[in-house]
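In what follows, a structure is listed as C-alpha cells, so that the remarks can point back to it.
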Amino acid sequence: MLRQIEGSQAVAEAVAACRPEVVCAYPISPQTHIVEALSRLVSAKKLTPCEYLNVESEFAAMSACIGASAAGARVYTATASQGLLYMTEALFNASGLGLPIVMTVANRAIGAPINIWNDHSDSMSQRDSGWIQLYAETNQEAADLHVQAYALAEELSLPVMVCMDGFVLTHAFERVDLPARERVDAFLPPYEPRQVLDPGDPVSIGAMVGPEAFTEVRYLLHARHLQALDRIPAIARSFEDAFGRRSGGLVRGYRVQDADTVVLALGSVLGTVKDVVDELRGQGRRIGVAALTTFRPFPFAAVRELLGRARRIVVLERAFSVGVGGIVSADVRTALPEAAIATVVAGLGGRPVTKAALHRVLAAEPEPLTFLDLDRELVGRELARSAERRRSGPAAENMLRDLAGGN
Amino acid sequence: MPAQRTKFYQVGSFAVGNRLLPIEQRAVQAGMERRNSLTSGHRACRGCGEALGARYAIDAAISASGGRLVAVNATGCLEVFSTPYPETSWQVPWIHSLFGNAPAVASGVAAALRAKGITDVRVVGQGGDGGTVDIGFACLSGMFERDDDVLYICYDNQAYMNTGVQRSGATPPAARTSTTPVPGNAFGQGKNVPMIAMAHEIPYVATATVADLRDLEYKVRRAMELRGARYLHILVPCPLGWVTEACDTIRVARLATESGLFPVFEAERGEVTDVTKIRRRVPVDDYLRLQGRYRHLFGDPPQTEVIARIQASADRNIRRFGLVD
Ligand SMILES: Cc1ncc(C[n+]2csc(CCOP(=O)(O)OP(=O)(O)O)c2C)c(N)n1
Ligand code: SF4
C-alpha cells in the first residue's frame, strides 16, 4: 500500500503488521511519534491482542520487554539517545539471555551538551552490547527492516536494533509502500520461543555463571552473530521475493564496479553521498558508494568483496570514538588491511552534511581523520582560552558567544 | 477456599503446631501436597532468614495458584545462592535479569500473559531490600502505579548482604554496616517502603516476618486472592550481616515485632485493615543485644541516648499502628 506518510508512522504501521503482543514505551525525541502512533493503533483496536505498557523509564521499558519476551510474547520498543544509554544494562542482559526483542533507535546525539538532533553516537555506543544493528537508508527501508528484523531475531534468538536517523527520517514525509499485514503474516511465522517461562515445564533463566562456562556462553552469542551474517542476506532475498523490493542485506554497492575510490556510509546520508558520486562520475572520477546496512555483526567478508578493488576508501561516519577517531573505519580497516582508509566524521548533532562539503573533502586526498566542516578557528580560540585559564568551564557557551560576536 | 487466619493461644513455649487443626487450616508447609519451590542443597548461609522466607512465600504462592506460577528475581543473595550454574534450586519457572529491574521484568511477564489470554498463571517478583527499596524503586513504583498483576515480595534483611553487608535504604539507624562506620542511617530518615506502597493505594500491602510463618503464608494466600499490584515486605534476619547466631534467626525476628520495631500489618487500597498485636511486649534492648551489628551500643559506657531513640521509634510504631491493646 503506497502512502505519503511520515517515517515514524510508517515504522509504526510496519511494526503493527508484525503483530507485537507487548509494546513498551517511554518518550524521547525523535522517537516519540513511533510509540504515539502505536498507542493509537492499540487503542483503536487495530492491533490486537497487544498490551501497551506506559513505563516509567527506558530501563523499565527494556526490562519489561525482557520479561514479556521470556514469557513468550513478541515485543517491541523504541528509543533514542539518552534513553538508549539509560537502557544499557538491560541491553546487554537481553542479548545475553538470547531474547529476540526488536527495537527502533531513532538516532540522536548524546549530551553534554544536550542536543536533540541526529547523529549515530547513541547506537554506536552500544556496538558491543550483543544486539544486531541494522541502519536504514530511507523510510521505505526502515519500514521493511522491521519486518526482516523480527524474522531474523526470532530465527536466531537475538535482539535486533533497527537504527533510523532522527528527524531526517523519523519526521520526514515520503512515499512508502507499507508492508501489508497479510503479506507479513505469510512472511513472518508466529514467534516460537526457544525457552519460555511455563509452569508446565519450569526452567531457570538467567542463572549465575562462573569462570568455568562464562567464555563459552559469551562465545555462543558471538557464534549466533556469525550465523546472522548468512541469515541477513537470505532474509533480505526472501523479503524481496515476498514483497518485490530490495531492502536490507549486509552492504550494497552503488557504482562500485570500476571505482578506485569508494565512500562507505550508513543511514540517510547515503542519498547525499550518491548524488555527489553521480556528479563526480559526470566529471570522470571513478568513484562509488558502499551502503552499509549491517553494522553488527560486521560483515567483514562482504565488505572485502565489495571494496577489495578500491584503492582508496573514505568512511563517512556520524559518530566517533573520542580519543581515537572512526568507529566504523576501524572495522573497515580490519576488513581491508592494505587499503588506504580515511575517516570523515560528519553531521554530528544534526549539522547538515552538504554536497558542497562532501565535494570539498573528496576533491583532495582526505586526511586520515577529518571532521567535516569543523570550525577550526572557533575551536582554536577556546583551546587557547582554556590553556590560559587552566580551568574547565562552559566551553559550548563560550564558543556560542564567540560565534555571535564573530558575526 | 479463602485464605484463613488461624489464631493461636500460646502457653509458655513459642512453638506452634498443626496437629490440633482441621486439615484445611494447616500450614502449606504441613500439607502432603506441598510443592517445594526451593529445593534443599542451595548455598545460603546457615540460618538464612531469606532462604526460609522465600521458601515459605513461594510455596504458599504455588499452592495458591495451583502450581501456575512464574517467579522473577532481582540480583542478590537469593538469586546467587539458589542458581549457581548449572544448578538451580527452583522448581518454578524463574527468571533473573538484573539488580534493579525485577518489578519491571515481572510487569513484562504479566503483560505477555495478558496478551496471550493466559489468566491462570500468576506472577511473583522478588528481591532483597536493596534491589527493592533502592535501585529497583522506580520500577517498583511504576509497577504499582500501573496496577500490574504482580505480587512483589521484598525480603528485607536490612542491608546489601550479597555484596558484603553495605547499607541500604532499609538499614535502620545505629546498625553497623561495612559502609556506615558511623553506624546506620539517620534517625527518622529511613525509607519505609510498605508505607510508600500504601500511598500508591494498590490492592494489597502487608508486612510479615519469618518468626510467624503461618501469618506469612496467610498473607501470601490473601495476596494471591487479589489481582493487581500487591506488595509483601518480609523481615528476614541475616546471621552474617546482623552478626547473630544461626539458631537465633527466628528469635530476633520475633523480638523485632515484639519490641515494636517491625510492625506487622495488612492494608488494602491504602487503609490498614489488620495489625498483629504484640502479645508480650519487650524493650528494644532484648532485640538489639542479640546482634553484633548493634554491639557498639552496649560498650562501656553504653550509648543509652541512642538506645533511647531506638526505643522511641518502637514506641511510635506501637502508637501509630495500635500494636498493644
Ligand atoms: C547495577 C548494579 N549495581 C550493583 C550491583 C551489585 N550488587 C549485586 S547484589 C547487591 C546487593 C543486594 O542487596 P539486597 O537487594 O538487599 O539483597 P540481599 O543480598 O541482601 O538479599 C549489589 C549491590 C549489581 N549487581 N548491579
Ligand atoms: S548473607 Fe545473609 S541473606 Fe545472604 S545467604 Fe547468608 S544469611 Fe542469607
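Restricting the search to the range B:104-127, which residues are facing another protein chain (nearest Cβ under 7 Å) and of a type in the set (D, E, K, R)?
Listed by number, the residues that qualify are B:R114, B:K116.
For the range B:201-214, which positions are modelled with pLDDT of 95 or more and either of a type in the set (K, R) or away from ligand 1 (no atom under 15 Å from the Cβ) (or both)?
B:E201, B:I202, B:P203, B:Y204, B:V205, B:A206, B:T207, B:A208, B:T209, B:A211, listed by residue number.
Quick check on my filter: what residues within the range B:134-160 are within 11 Å of ligand 1 (Cβ to nearest atom), in contact with a strand residue (DSSP E or B) (Cβ under 7 Å, 6 or more places away or on another chain) and among the hydrophobic types (A, V, I, L, M, F, W, C)?
B:C154, B:A159
Among all residue pairs at least 6 apart or on different chains, which show Cβ distances below 7 Å where the first residue, located in the range A:171-200, is free of Cβ contacts under 8 Å to residues at least 60 places away in the same chain and the second is assigned to a helix (DSSP H, G or I) and surrounded by fewer than 16 Cβ atoms within 10 Å (Cβ to Cβ)?
Taking only residues 6 or more apart or on different chains, the pairs are A:A186/A:A242; A:F187/A:A242.
With assigned to a helix (DSSP H, G or I), in contact (Cβ under 8 Å) with a residue 40 or more places away in the chain, away from ligand 2 (no atom under 16 Å from the Cβ) and in contact with a strand residue (DSSP E or B) (Cβ under 8 Å, 6 or more places away or on another chain) as the only criterion, which of B:A54, B:A60, B:A110 stands out?
Testing whether each residue is assigned to a helix (DSSP H, G or I), in contact (Cβ under 8 Å) with a residue 40 or more places away in the chain, away from ligand 2 (no atom under 16 Å from the Cβ) and in contact with a strand residue (DSSP E or B) (Cβ under 8 Å, 6 or more places away or on another chain) leaves just B:A110.
Identify, please: which residue in the range B:237-261 is within 16 Å of ligand 1 (Cβ to nearest atom), among the hydrophobic types (A, V, I, L, M, F, W, C) and in a loop (DSSP other than H, G, I, E, B) and is, among those, nearest to the other protein chains (Cβ to nearest Cβ)?
Checked the range B:237-261; the qualifying residue nearest to the other protein chains (Cβ to nearest Cβ) is B:C238.
Any chance the range B:226-236 includes a residue that's surrounded by 24 or more Cβ atoms within 10 Å (Cβ to Cβ) and either in a helix (DSSP H, G or I) or away from ligand 1 (no atom under 16 Å from the Cβ) (or both)?
Within the range B:226-236 (the criterion being surrounded by 24 or more Cβ atoms within 10 Å (Cβ to Cβ) and either in a helix (DSSP H, G or I) or away from ligand 1 (no atom under 16 Å from the Cβ) (or both)), the answer is yes, since at least one residue qualifies.
Quick one: is A:A180 among the small types (G, A, S), farther than 28 Å from B:F99 by Cα, away from chain B (no Cβ under 13 Å) and surrounded by 11 or more Cβ atoms within 10 Å (Cβ to Cβ)?
It is true that A:A180 is among the small types (G, A, S), farther than 28 Å from B:F99 by Cα, away from chain B (no Cβ under 13 Å) and surrounded by 11 or more Cβ atoms within 10 Å (Cβ to Cβ).
Taking B:N101 and the conditions (1) surrounded by fewer than 24 Cβ atoms within 10 Å (Cβ to Cβ); (2) more than 19 Å from A:Q195 (Cα to Cα); (3) facing another protein chain (nearest Cβ under 8 Å), which numbered condition does it fall short on, given that it satisfies the others?
Here B:N101 meets the rest and fails (1).
Based on this model, can you work out whether B:S168 counts as away from chain A (no Cβ under 14 Å) and without any contact (Cβ under 8 Å) to a residue 24 or more places away in the chain?
No; evaluated as a whole, the condition is false for this residue.
Pull up the range A:55-65, narrow it to residues that are facing chain B (nearest Cβ under 7 Å) and either among the aliphatic types (A, V, I, L, M) or within 17 Å of A:A16 (Cα to Cα) (or both), then point me to the one that is farthest from the chain's Cα centre (by Cα).
Out of the qualifying residues, it is A:V55.
Residues are listed down the side, and each one gets a yes or a no for (1) within 14 Å of ligand 1 (Cβ to nearest atom); (2) under 23 Å from B:R269 (Cα atoms); (3) in contact (Cβ under 8 Å) with a residue 12 or more places away in the chain:
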residue: B:P173; (1), (2), (3): no, no, yes
residue: B:T179; (1), (2), (3): yes, no, yes
residue: B:P183; (1), (2), (3): no, no, yes
residue: B:M198; (1), (2), (3): no, yes, yes
residue: B:V220; (1), (2), (3): no, yes, yes
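Restricting attention to the range B:121-144, does a residue exist that is in contact (Cβ under 8 Å) with a residue 40 or more places away in the chain, aromatic (F, W, Y) and within 16 Å of ligand 2 (Cβ to nearest atom)?
The answer is no; no qualifying residue exists.
What residue, among those in the range B:260-289 that are farther than 30 Å from B:A223 by Cβ and touching a residue at least 12 places away in the same chain (Cβ under 8 Å), is surrounded by the most Cβ atoms within 10 Å (Cβ to Cβ)?
Among those that are farther than 30 Å from B:A223 by Cβ and touching a residue at least 12 places away in the same chain (Cβ under 8 Å), it is B:L288.
Return yes when B:L98 is in a loop (DSSP other than H, G, I, E, B), away from ligand 2 (no atom under 14 Å from the Cβ) and not acidic (D, E) and no when it is not.
For B:L98, the condition - in a loop (DSSP other than H, G, I, E, B), away from ligand 2 (no atom under 14 Å from the Cβ) and not acidic (D, E) - is met.
Limited to the range B:78-98, what total is found for residues that are within 18 Å of B:I62 (Cβ to Cβ) and more than 7 Å from chain A (Cβ to nearest Cβ)?
Residues flagged as within 18 Å of B:I62 (Cβ to Cβ) and more than 7 Å from chain A (Cβ to nearest Cβ) within the range B:78-98 amount to 3.
The values are calculated or read from the model by the stated rules, or taken from the named source; none is laboratory data. On a predicted model such as this, the values are computed, not experimentally measured, just so you know. When we count neighbours, we look across all protein chains shown, and the Cβ atoms used for this are built from the backbone with ideal geometry, even at glycine.
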